[in-house]
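Engineer: Pasting a structure below so you can have a look.
The values are calculated or read from the model by the stated rules, or taken from the named source; none is laboratory data. Quantities reported herein were computed from a predicted structural model and do not represent experimental measurements. Methodologically, a virtual Cβ is constructed for each residue, glycine included, from the backbone with ideal geometry; neighbour enumeration extends over all protein chains shown. Note: areas computed on protein heavy atoms with side chains; ligands, DNA, RNA excluded. Shrake-Rupley method; radii C 1.70, N 1.55, O 1.52, S 1.80 Å.
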Amino acid sequence: MLNVTVSGDVCARGHEDTLNYAAARALLADMLPVLESADVRIVNWENPTTDTEGFPISKSGAMLHSKPQNVEFLKAGGFDVALQANNHTGDYGPDGTMATIRYLDEIGVKHAGAGANLKEARLPAYVQANGETLAVISACEYEFGIAGRDIPGAAGYDAREMRKTITDAHQKADYVLVVFHGGNERNPLPSPRCAARYRDIIDMGADALVGMHSHCPQGYEVYNGKPIIYGLGNFMFHTLSDSTLQDNPWHYGYTVKLKFCKDSNAEFELYPYQFNKETSVLRLMKGRDREKMLTYLAAISEPIQDEIEHEKLFYGWCMIGGPGYAKALRYSDDYLVNPENEQLLAARNLFTCEAHNELLTVYLRMMVEGTLTLGAEYEQKVRQLQIMPVNVW
């Protein structure tokens, strides 16, 4: 049997000069007993780690970066695997990606989801404990910084390749865990296409799937007897927002402990938490606060099982994000001579990133089919779900 914890997005933004082993131990004090109770600990390292290596790439969205000393966070938490398939691994180009891998190797933390080329990026990380082996496969959507045939970067998702990777991993490991980085940021529910993709990956043979990237807690389900965790939320990720903590799910998340056993399907347990605005302390929810948060997570998990209700709630999300996306649909001759045009980069991402593409496609379809009124009705329901049920601060 293997007990495996998976924690969400970690970024050193705003703490590049202060995040070290001591600071990380203080931040994680509440969570350390949970992490230490596991045989394997996994976390998403969502920033390239560089010193003088690499240069910022041209992209839309935030540009993230961490310094070599910041990897002490991983040692402080006792993490065995740092996930690298995400939309920021390539922010400092191929050199930044390879520097990150080198720094992880230097401290003895395994990594999955990035490499010197696409083939290498898709390789699982194998971790042994209790005489058993876990394969960790890390994949992400097609934003910026994706590895190419001979270009370092992150492991972009391909269904055919994922099936092959899972099949091969089962020849070497007792259990196969897939961690997927994708979906709509700040949406408390996975999109219909996201849910379908995760179920497909379970059908390919994964023993469990954990999703990340939403920057807010999402729900879960047991599909064909196997757990799908749709979104863990942030683990340590500073934001410049000045909204109140309870109105901003950015500050909330949960670590999941997966219990793998050869004789049965994996089981799971959730450990919700909240971190402060300064991103200096994480508080593990306990007692009544924990029960409230678990009740909330169960509530946002229910619509995923109702295809019609799930679709309507996504219409509501499209009313929130769709208008901004639609405004980016414009062409300029400048694109032909200036590939770094900000509007071109934003438009490119709407089409190549699966989550953005789905949102824009459904929003435009809603216009044509006359379902904007229904979307407006469900928009309010989605906004209500974005409000957290408890504030431990």
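Engineer: Please verify whether Pro249 is buried (at least 18 other Cβ atoms within 10 Å of the Cβ) and out of contact with any Cys (no Cβ under 6 Å at 6 or more places or on another chain), treating the condition exactly as stated.
Structural biologist: no
Engineer: I've got another one for you. Looking at the structure I just gave you, is Ile300 open to solvent by 40 Å² or more (accessible area, probe 1.4 Å), at pLDDT 95 or above and aliphatic (A, V, I, L, M)?
Structural biologist: The answer is no for Ile300.
Engineer: If I go through the range 132-152 residue by residue, how many of them are part of a strand (DSSP E or B) and open to solvent by 10 Å² or more (accessible area, probe 1.4 Å)?
Structural biologist: 5
Engineer: I'd like to know if the range 274-285 contains one or more residues that are in a helix (DSSP H, G or I), touching an Asp or Glu at 6+ places or on another chain (Cβ under 7 Å) and crowded, with 20+ Cβ neighbours inside 10 Å.
Structural biologist: There is no residue in the range 274-285 that is in a helix (DSSP H, G or I), touching an Asp or Glu at 6+ places or on another chain (Cβ under 7 Å) and crowded, with 20+ Cβ neighbours inside 10 Å.
To keep it simple, each residue is scored yes or no on (1) more than 29 Å from Leu270 (Cα to Cα); (2) surrounded by fewer than 17 Cβ atoms within 10 Å (Cβ to Cβ); (3) modelled with pLDDT of 95 or more.
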{"position": "Gly316", "(1), (2), (3)": "no, no, yes"}
{"position": "Met319", "(1), (2), (3)": "yes, no, yes"}
{"position": "Gly322", "(1), (2), (3)": "yes, no, yes"}
{"position": "Val368", "(1), (2), (3)": "yes, yes, yes"}
{"position": "Thr373", "(1), (2), (3)": "yes, yes, yes"}
{"position": "Tyr378", "(1), (2), (3)": "no, no, yes"}
{"position": "Leu385", "(1), (2), (3)": "no, no, yes"}
{"position": "Pro389", "(1), (2), (3)": "no, yes, yes"}
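Engineer: So, of the residues in the range 30-43 that are in contact (Cβ under 8 Å) with a residue 12 or more places away in the chain and out of contact with any Lys or Arg (no Cβ under 8 Å at 6 or more places or on another chain), which turns out to be farthest from Val4 (Cα to Cα)?
Structural biologist: Checking each candidate, the answer is Met31.
Engineer: Please specify each residue of the range 75-87 satisfying the condition of being outside any loop (DSSP other than H, G, I, E, B) and surrounded by fewer than 24 Cβ atoms within 10 Å (Cβ to Cβ).
Structural biologist: If the condition is that a residue be outside any loop (DSSP other than H, G, I, E, B) and surrounded by fewer than 24 Cβ atoms within 10 Å (Cβ to Cβ), then Lys75, Ala76 are the ones that fit.
Engineer: If you check Gly113, Gly90, which single one turns out to be at positive phi and surrounded by 22 or more Cβ atoms within 10 Å (Cβ to Cβ)?
Structural biologist: Matching residue, one of Gly113, Gly90: Gly113.
Engineer: Still on this structure, I have one more. Looking at Glu53, Glu72, can you tell me which residue is open to solvent by 10 Å² or more (accessible area, probe 1.4 Å), modelled with pLDDT of 95 or more and among the acidic types (Asp, Glu)?
Structural biologist: Glu72
Engineer: Which of the following residues is crowded, with 20+ Cβ neighbours inside 10 Å, under 18 Å from Tyr254 (Cα atoms) and either of a type in the set (S, T, N, Q) or modelled with pLDDT of 95 or more (or both): Val40, Val34?
Structural biologist: Exactly one residue qualifies, and that residue is Val40.
Engineer: Between Ala129, Ala121, which is crowded, with 24+ Cβ neighbours inside 10 Å and not basic (Lys, Arg)?
Structural biologist: Answer to the selection: Ala121.
Engineer: Could you tell me which of the residues Leu374, Leu364, Leu360 is assigned to a helix (DSSP H, G or I) and either in contact (Cβ under 8 Å) with a residue 60 or more places away in the chain or over 27 Å from Ile300 (Cβ atoms) (or both)?
Structural biologist: Leu374
Engineer: Same structure again: Suppose we filter Leu294, Leu270 for residues that are modelled with pLDDT of 95 or more, part of a helix (DSSP H, G or I) and surrounded by 15 or more Cβ atoms within 10 Å (Cβ to Cβ); which single one remains?
Structural biologist: Result of the check over Leu294, Leu270: Leu294.
Engineer: Scan the range 1-23 residue by residue and report those that are closer than 23 Å to His215 by Cβ and not in a loop (DSSP other than H, G, I, E, B).
Structural biologist: Hits for the range 1-23 are Val4, Thr5, Val6, Ser7, Gly8, Asp9, Val10, Ala23.
Engineer: Ok, one more. Determine if the range 171-184 includes at least one residue that is out of contact with any strand residue (DSSP E or B) (no Cβ under 7 Å at 6 or more places or on another chain) and without any contact (Cβ under 8 Å) to a residue 60 or more places away in the chain.
Structural biologist: yes
Engineer: Name the residues in the range 198-214 that are open to solvent by 10 Å² or more (accessible area, probe 1.4 Å) and either acidic (Asp, Glu) or in contact (Cβ under 8 Å) with a residue 60 or more places away in the chain (or both), would you?
Structural biologist: If the condition is that a residue be open to solvent by 10 Å² or more (accessible area, probe 1.4 Å) and either acidic (Asp, Glu) or in contact (Cβ under 8 Å) with a residue 60 or more places away in the chain (or both), then Asp200, Asp203, Asp207 are the ones that fit.
Engineer: Residue by residue through the range 227-243, note down the ones that are of a type outside the set (Ser, Thr, Tyr), under 19 Å from the mean Cα position of the chain (by Cα) and open to solvent by 10 Å² or more (accessible area, probe 1.4 Å).
Structural biologist: His238
Engineer: Next question, about the same structure. What residue, among those in the range 335-357 that are part of a loop (DSSP other than H, G, I, E, B), in contact (Cβ under 8 Å) with a residue 12 or more places away in the chain and more than 24 Å from the chain's Cα centre (by Cα), is nearest to Tyr273 (Cα to Cα)?
Structural biologist: Looking at residues that are part of a loop (DSSP other than H, G, I, E, B), in contact (Cβ under 8 Å) with a residue 12 or more places away in the chain and more than 24 Å from the chain's Cα centre (by Cα), I get Glu340.
Engineer: Pairs needed: first member in the range 13-26, in contact (Cβ under 8 Å) with a residue 12 or more places away in the chain; second member anywhere, β-branched (Val, Ile, Thr) and part of a loop (DSSP other than H, G, I, E, B); C-beta distance under 8 Å; at least 6 residues apart or different chains.
Structural biologist: Gly14/Thr279; His15/Thr279; Ala26/Val281
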